[in-house]
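Report on one structure; see the data block that follows.
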Amino acid sequence: MLSRHRPADSARILAGQAAGAHRSRRCIRSLALPMTLSIGLALTACGSAEEDQPAADPNAEAAARLHEAQPTSVRDATLLPEGSESGTYAELATVQYSEQVRDSTEIDKPECVDAANRWGDLDGVREAPASVAAYEWPEGSVSSMLVETDEETADEAMAIEPPASCESYNATYADGTSSEYGVRDLDMPEMGDESRAFLIEVRTGEEESRMLSVMYRNGSLLGMTSILGGGDEADYEEMLTAFTEAAIARQDQMLG
C-alpha cells in the first residue's frame, strides 16, 4: 500500500470527526508509506468500519472473532477502537483507500508498487475475514492486521518478497509531489510459525519517517504489526518485538 507522509500527531485524529468529501481528501493526502502497514494510520483518518463496511458481510462473525483476539494494550500502546475495523479483507476501508492511492501514484520502478504487501492481491486473502487494529503510542503509531485464511494461502503469502530492485525507488503523487523510498530487511527474532521483518524509510522534501513491520504466520492466521514514526530504530525494533509476541500470545489464548 502506498501512503503519504504526515506529521506524527495527525495519526491521532479519530475516525468520524470529518465527513464526506473533506474526510476522503484528508485520507488520501495522509497516506505515506508503501504498504499495509500504516494501516491503522489510514483508518484514523479515513473513517470507521460501521461507516464504510457493507451492511451484510458474510465474514462479519469470523472477522469479529479476530478483532476480539487483538491486544487491548501492550506496554504504553493503547487500542483506538474508533480507528479500527473488521470484515472481509478486500472491503476494509483501509485497503480500499490504499488501493485508490496506489492507482493514482506513479512509481519509477513499476515492480515496486505494493512492494511489501503483494500478498494482499491473493484471492485467498482478499476474500478472507480480517481485522485491523490501530493503537496510540507516545513514540509513534502502531497497527496490527490479522487475516484468517487456509494454510496454503498463508504459506504462499509468506513466500512473496519485495524484488531486490525495490531497495530504493521514487513515487510521484496525484498532486505532483514526490517521495523517495527505501526498503530493507531487518534482523529480528522469528515469531509465530514463520516471520520476516523489514523497514521502509520515506523522505518527502525535508521530512523523514520510517515504518518497521513484522509479517508472520500463526497457523492459518496471517499477521502484520507495524510501527510508524520518526523515532529511534532500535527502540522501534524493541517495541515491535514485544507487541508482536503479545499479539501472538493473545491469538493463542482467544482463538485456540
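The values are calculated or read from the model by the stated rules, or taken from the named source; none is laboratory data. In this text, all values refer to a predicted model and were calculated from it rather than measured experimentally. Methodologically, a virtual Cβ is constructed for each residue, glycine included, from the backbone with ideal geometry; neighbour enumeration extends over all protein chains shown.
Across region 165-183, a minimum of one residue is classified as touching a residue at least 60 places away in the same chain (Cβ under 8 Å), crowded, with 16+ Cβ neighbours inside 10 Å and closer than 14 Å to residue 215 by Cβ. Identify, please: which residue in region 204-228 is surrounded by fewer than 21 Cβ atoms within 10 Å (Cβ to Cβ) and farther than 19 Å from residue 130 by Cβ and is, among those, modelled with the highest pLDDT? So the residue we want is 210. Based on what the data block shows, is residue 65 at pLDDT 95 or above and not in a loop (DSSP other than H, G, I, E, B)? For residue 65, the condition - at pLDDT 95 or above and not in a loop (DSSP other than H, G, I, E, B) - is met. The listed residues are 201, 156, 152, 161, and the only one of them that is in a strand (DSSP E or B), modelled with pLDDT under 95 and surrounded by fewer than 23 Cβ atoms within 10 Å (Cβ to Cβ) turns out to be 201. Considering each residue of region 178-193 in turn, none proves to be of a type in the set (Gly, Ala, Ser), part of a loop (DSSP other than H, G, I, E, B) and in contact with a Pro (Cβ under 9 Å, 6 or more places away or on another chain).
Criterion applied to 181, 236 was being modelled with pLDDT of 90 or more and not aliphatic (A, V, I, L, M), and the one residue passing it is 236. The residue list 127, 106, 139, 167 contains one member that is under 22 Å from residue 250 (Cβ atoms) and over 15 Å from the mean Cα position of the chain (by Cα), which is 139. Here is the figure for region 118-136: residues that are buried (at least 20 other Cβ atoms within 10 Å of the Cβ) and farther than 15 Å from residue 92 by Cα total 2. Looking only at residues of region 84-118 that are within 16 Å of residue 161 (Cα to Cα) and touching a helix residue (DSSP H, G or I) at 6+ places or on another chain (Cβ under 8 Å), we find that the one that is modelled with the highest pLDDT is 109. If the condition is being more than 16 Å from residue 132 (Cβ to Cβ), touching a strand residue (DSSP E or B) at 6+ places or on another chain (Cβ under 7 Å) and either without any contact (Cβ under 8 Å) to a residue 12 or more places away in the chain or not aliphatic (A, V, I, L, M) (or both), then region 82-112 contributes 105, 106, 108, 109, 112.
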